[in-house]
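No lab work stands behind these numbers, since they all come straight from the coordinates. Keep in mind that this is a model prediction, so the values were computed, not measured.
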Amino acid sequence: MFVSVKGKVVLIFGGSSGIGKALANRFCKEGAAVVATYFSTKTNEEAEMLEDNFRYCDIRHPSELNSVCEYIMKLIAFVGMDGVGKTGILNSIYSILVE
C-alpha cells in the first residue's frame, strides 16, 4: 500500500543527482509539487522539469534556508494545501537544519 503524494508539497535537499534526483522525478510523476535544492551542480534536465522549484541552497547558510522555506510557504498557498501548523512545520525544518 502506497500513500498518494498527489497535491502534496515535497522538499528534497540535493535534488540534482543520485537518490535526490530520482526522488524528484518520481514524486513529479506521482503528481506532487516538488521543490528540490541543489548545491554544486545544476543539471538541465532537473531545471527543465522543476523550473522555479529547482532552487540553489547551501544549507550551511541560514539566509538561504530561510529563502527556500519562504518559497515553499508561497507554493503551499498556491497549491491550496490545508492544514493548521504548516508554518510550524517549516519553522521546525528550518530550526533543525540550522542547529
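Values for this structure:
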| item | result |
| --- | --- |
| Stretch gain in nm, segment A22-I59, where the contour uses 0.36 nm per residue and the Cα spacing is subtracted | 11.3 nm |
| Nonlocal amide H pairs with T37, under 5 Å, H built at 1.01 Å | I12, F13, G14, G15, R55 |
| 3J(HN,Hα) from dihedral phi, the range 30-35, Karplus parametrisation 6.51/-1.76/1.60, rounded to Hz, x for glycine, proline | 8, x, 7, 8, 9, 10 |
